[in-house]
Structure formats: structure tokens, C-alpha cells
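The structure appears right after this line, and notes come after that.
The values are calculated or read from the model by the stated rules, or taken from the named source; none is laboratory data. The model shown is predicted, which means the values in this text are computed figures rather than measured ones. Neighbour counts run over all protein chains shown; Cβ positions are idealised from the backbone, glycine included. Please note that ligands, DNA and RNA were not included when accessible areas were found on the heavy atoms of the full protein model with its side chains. Shrake-Rupley method; radii C 1.70, N 1.55, O 1.52, S 1.80 Å.
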Amino acid sequence: MASSANRPTAACSATTTAAAARAYPFSEPHRLDLDPLYTKLQEKEPVCRVQMPYGEQSWLAVGYRDVQTVLADPRFSLAAGRGRDEPRIRPRKLSEERSLMGMDRPELTRLRRLVARAFTPRRAQQLRPNIQKIADEIVGHMTECGPPTDLVEDFALPFSIAVICELLGVPYEDRHDFRTWVKAFVTASCLSEEETGGRIARLVDYMAALIAERREKPAGDLLSAMIQARDHHDRLTEDELLHLAAVLLVAGYETLANQIPNSAYVLLTHPEQLTFLRQGPERMLCAVDELLRFIPSGNAGALFPRYATENVLLSGCTVKAGDPVLISLHAANRDPLVFPDPHTLDLTRTPNPHLGFGYGAHTCLGAHLAKVEIEIALDTLLRRFPVLRMEPDADAVEWKKGMVLRGPSCMPVAW
């Protein structure tokens with residue numbers, strides 16, 4: 001791995017003013033392209049001032065090492081954002097709905113321990129047969145219906161919903177309702193503030209009713225285990241239980257539902273790499289890591305700003321105590337000092353220390369499970385459809401608009 005010590009320090013100035021701040025996000029997302037400004041900033045200004053559509057000005061870190069520092073250094077706090085005019089992409093303040101996602105250690109550590117056993121590598125492998133069964137059933141239905149079909153609506157969504165429903169204990173038949181509600185957590189501009197708040201409230205009410213039901217009739221699912229931790233061990237407050245359940249549902253469903261069609265799109269638009277993968281299915285694990293590195297799944301990097309609790313030096317810039325800092329995981333995953341030829345998809349890339357699941361105390365709990373799900377989804381699609389293709393071509397793909405996460409809203413495929 002190359003060393004970031006060779007990167008010049010940023011030309012920070014104490015006279016940086018509001019006029020010097022760049023509007024952020026830098027541009028409207030186009031498919032899965034990464035704005036070239038990130039690369040220019042990595043070379044000359046890896047830490048810069050930005051102004052998001054709402055909230056106060058912020059620093060933005062785009063280099064791999066700086067991003068790691070902001071994510072892992074306890075001098076940067078998520079909880080400190082409460083009560084501040086946080087930099088954000090939409091009118092609604094992030095702190096109003098992020099709840100547990102805005103915690104710092106040690107509170108964060110306590111809650112993560114309560115659910116960590118459900119997301120260990122061993123547990124992910126134990127779930128593999130059930131996940132494979134779900135994928136086979138959905139692909140079987142696609143085969144019966146025949147091409148063309150929408151890879152988003154007919155595979156990615158039902159697959160991701162079925163897996164998280166089984167793990168968490170959410171009735172699959174309620175999927176149409178909570179799909180609508182979950183959208184409120186990842187909208188940037190396609191819903192009004194009133195609609196967003198209303199849908200979030202309905203999801204919270206739904207989870208509260210489901211918790212009450214599980215209290216009467218416990219099951220062998222994660223939700224029942226969390227209720228037991230709350231009721232018998234006094235390790236969760238009722239509010240923590242409710243919001244943790246909602247966060248797990250949103251994170252476990254929406255991100256995977258985007259990553260699967262995104263991954264398929266990248267493979268189908270890189271035919272040489274796709275052929276290489278088809279010739280060696282055992283390469284899938286390495287391929288999944290490279291797809292997680294290569295694909296910019298969000299529109300504006302990390303949406304939750306960290307606030308410096310004391311002065312911190314990042315690439316020559318002094319981030320003063322109280323300053324918010326945003327990070328771009330996507331830019332960090334294309335840092336040439338860590339990833340040789342970073343803008344090239346290389347399914348053999350190793351080592352691959354990507355930050356697709358974050359880093360530090362807030363590393364995604366479900367990372368191991370997510371990788372198993374993506375691996376099974378892609379392997380099943382490529383194995384069952386040896387000549388899978390976009391129909392009629394890549395231009396037929398429709399992309400989401402006004403959302404925090406990038407991805408196809410419709411992806412017609414045939415075989």
C-alpha cells in the first residue's frame with residue numbers, strides 16, 4: 001500500500017471565508033460517475049471548505065488517511081452535532097432522525113454489543129443457505145415470467161427485503177408499507193419536509209406495534225432478542241429499542257437494494273471484467289470488495305458531520321474545536337496513494353482496504369452479512385443467466401432522482 005506521507009499538505013489559510021467555500025455536492029450525480037473535482041482536491045486541497053444546501057459551513061476531507069482519522073479519532077464527535085445547524089442536503093435536520101446513529105462511545109459501544117452477535121462472520125455464513133434459497137426462489141420466478149424484467153423491482157428489492165425481514169422478524173407481507181416509509185430516510189429532495197416527517201413517524205409507529213406484538217409472542221428473531229435485552233436485562237431504554245429496530249430495518253434493506261443493481265450495472269458495463277468473473281466464480285469474494293470500493297453509492301459522501309471537540313490537524317489544515325467535518329468515502333476509495341490506478345475496476349485488486357462500510361466505531365455492523373448477500377445475489381444472477389444483459393442497452397436504465405443514495409430506479413434486463 002502506498003503511503004499518504006507523500007501527499008502535499010493542503011494550502012489552508014486563516015483567511016478562508018464564506019466566499020471561498022465550494023457548493024457541495026459539487027454536481028448533480030450522473031449514473032455512477034465520480035465528480036472529477038474530488039481527484040483535483042486530493043492532489044492540491046485534500047481538506048477544504050464546503051457549503052451544503054442547508055446548514056452551516058463545513059470542512060470536507062477527501063483523502064483516505066484524513067477520512068480514517070475523522071471516522072476513528074475520538075476528537076471528532078457525532079453527538080456534538082445535536083443542537084447545531086448541521087450541514088445537510090435537505091431542510092430537515094439530520095439530528096432529528098438519526099438518533100442512535102449520532103451516538104459516540106461508550107453509549108454506542110453498549111448498543112452495538114447488544115446486536116453484534118447477529119452480525120458476526122460465523123452468523124453470516126450460517127444464514128447463507130436461507131439467503132441462497134431466497135435468491136433461487138426469486139430468480140425462479142423471473143425465469144417463469146421470462147424476459148425482459150426489471151432487475152430492481154423483480155430481484156434486488158424483493159431479495160433485500162426478504163433477507164432483512166427474516167433476520168429482524170418483520171412480516172414480509174408488510175413490505176409495501178415500510179418500503180414507502182423507509183424512503184423518507186434516504187430522500188434528498190423528492191419529498192417535502194412534511195411528507196418526510198410523516199413517513200418517519202409512521203415507520204416508528206409500525207415498529208412500536210411490532211415490538212408490542214413480539215412481547216406477547218416472542219420468536220427466534222433479532223427483534224425478540226432485543227426486546228429481551230430491554231425487558232429482562234435493562235440494557236436498552238424503550239426509545240433505544242424502538243429506534244435501533246428502525247435503523248436496522250432501513251440500513252439492512254435500502255443500502256443492499258441499491259448495491260445489487262449498482263454492482264450488476266458496473267459488471268455489465270465492464271465486459272472484460274465480467275468475462276473474467278464468469279470464468280472463475282471463486283473470484284466473487286474479491287470482486288465484491290472491489291465493487292464496494294469502486295461504486296459511489298451516495299450523492300454526497302457521509303451525510304452525518306463529525307464535530308471537532310478540540311483543534312485537530314488534517315493535511316496541514318487546523319480544524320478548530322467546534323468545526324463540523326464531512327468526509328467523502330467515495331473519494332477516499334479512489335485515493336491513488338492507497339489504491340493504484342484507482343479509477344479502474346480491477347476484480348483482482350488485493351489488498352483492498354476500502355471504506356465501503358465505514359471505519360472505526362461506526363463501521364457497519366452488517367458488513368459481513370451484506371457481503372454474503374451481495375455475493376449470493378450476483379453469483380445467482382450470473383450462474384442462472386449466462387448471457388444477462390441490459391435491455392436494450394445501458395441507456396435504458398433509469399436513475400433515482402432526489403435521493404441520498406444513488407442507484408437505478410428501473411433496470412430492464414434480458415437473457
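Report yes if V182 is in contact with a strand residue (DSSP E or B) (Cβ under 9 Å, 6 or more places away or on another chain), modelled with pLDDT under 90 and open to solvent by less than 80 Å² (accessible area, probe 1.4 Å), otherwise no. Judged against the criteria, V182 is not a match. Only residues that are open to solvent by 30 Å² or more (accessible area, probe 1.4 Å), under 15 Å from E290 (Cβ atoms) and not in a loop (DSSP other than H, G, I, E, B): list them for region 357-374, please. K371 - this is the single residue of region 357-374 that is open to solvent by 30 Å² or more (accessible area, probe 1.4 Å), under 15 Å from E290 (Cβ atoms) and not in a loop (DSSP other than H, G, I, E, B). Going by the conditions given, is L382 farther than 20 Å from V182 by Cβ, surrounded by fewer than 19 Cβ atoms within 10 Å (Cβ to Cβ), touching a helix residue (DSSP H, G or I) at 6+ places or on another chain (Cβ under 8 Å) and touching a residue at least 24 places away in the same chain (Cβ under 8 Å)? Considered against the rule, which asks whether it is farther than 20 Å from V182 by Cβ, surrounded by fewer than 19 Cβ atoms within 10 Å (Cβ to Cβ), touching a helix residue (DSSP H, G or I) at 6+ places or on another chain (Cβ under 8 Å) and touching a residue at least 24 places away in the same chain (Cβ under 8 Å), L382 comes out as yes.
Can you tell me which of V288, V312 is more than 29 Å from P74 (Cα to Cα) and among the hydrophobic types (A, V, I, L, M, F, W, C)? Exactly one residue qualifies, and that residue is V288.
Give region 385-406 a look and list any residue that's modelled with pLDDT under 95 and crowded, with 17+ Cβ neighbours inside 10 Å, or say none. Answer for region 385-406, where residues must be modelled with pLDDT under 95 and crowded, with 17+ Cβ neighbours inside 10 Å: K400, M403, V404, L405, R406.
Take T15 and decide whether it is part of a loop (DSSP other than H, G, I, E, B) and either at pLDDT 80 or above or polar (S, T, N, Q) (or both). For T15, the condition - part of a loop (DSSP other than H, G, I, E, B) and either at pLDDT 80 or above or polar (S, T, N, Q) (or both) - is met. Contact map, region 57-68: residues that are closer than 17 Å to R88 by Cβ and modelled with pLDDT of 95 or more paired with residues that are open to solvent by 10 Å² or more (accessible area, probe 1.4 Å) and outside any helix (DSSP H, G or I), Cβ distance under 7 Å, separation 6+ or inter-chain. Pairs shown: Q57/A21; Q57/R49; Q57/Q51; W59/R49; W59/D323.
Of all residues in region 293-306, those satisfying the criterion of being farther than 20 Å from L78 by Cα and not in a loop (DSSP other than H, G, I, E, B) are R293, F294. Here the helices (runs of 4 or more DSSP H) wholly within region 210-289 that include at least 2 residues being open to solvent by less than 10 Å² (accessible area, probe 1.4 Å) are 222-231, 238-268. So is A208 small (G, A, S) and in contact with a Ser or Thr (Cβ under 8 Å, 6 or more places away or on another chain) or not? Here the answer is no, as A208 does not meet what is asked. From the residues in region 53-88 that are open to solvent by less than 30 Å² (accessible area, probe 1.4 Å) and aromatic (F, W, Y), which one is nearest to Q42 (Cα to Cα)? Filtering first and then ranking leaves Y64.
Yes/no matrix, rows are residues, columns are (1) among the charged types (D, E, K, R); (2) within 21 Å of the chain's Cα centre (by Cα); (3) more than 22 Å from S409 (Cβ to Cβ):
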residue: A156; (1), (2), (3): no, yes, no
residue: I164; (1), (2), (3): no, yes, no
residue: H176; (1), (2), (3): no, no, no
residue: V182; (1), (2), (3): no, yes, no
residue: T196; (1), (2), (3): no, yes, no
residue: R199; (1), (2), (3): yes, yes, no
residue: L210; (1), (2), (3): no, no, yes
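Report, by residue number, each residue of region 27-52 that is under 18 Å from K401 (Cα atoms), among the charged types (D, E, K, R) and open to solvent by 50 Å² or more (accessible area, probe 1.4 Å). Within region 27-52, E28, R31, D33 meet the criteria. The residue pairs whose first member lies in region 128-154 and is at negative phi, whose second member is open to solvent by 70 Å² or more (accessible area, probe 1.4 Å) and part of a helix (DSSP H, G or I), and whose beta carbons are closer than 8 Å, counting only pairs six or more residues apart or on different chains, are N130/E166; I134/E166; V139/R384; T143/R384; D154/H141; D154/C145. Among the residues of region 35-52, just one is farther than 17 Å from L326 by Cα and assigned to a loop (DSSP other than H, G, I, E, B), namely P36.
Of the residues making up region 291-306, just one is out of contact with any helix residue (DSSP H, G or I) (no Cβ under 9 Å at 6 or more places or on another chain) and either more than 21 Å from Y54 (Cα to Cα) or crowded, with 24+ Cβ neighbours inside 10 Å (or both), namely R293. In summary, helices (runs of 4 or more DSSP H) completely within region 102-176 and bearing 3 or more residues that are more than 25 Å from A264 (Cβ to Cβ) and open to solvent by 10 Å² or more (accessible area, probe 1.4 Å) occur at 107-116, 121-126.
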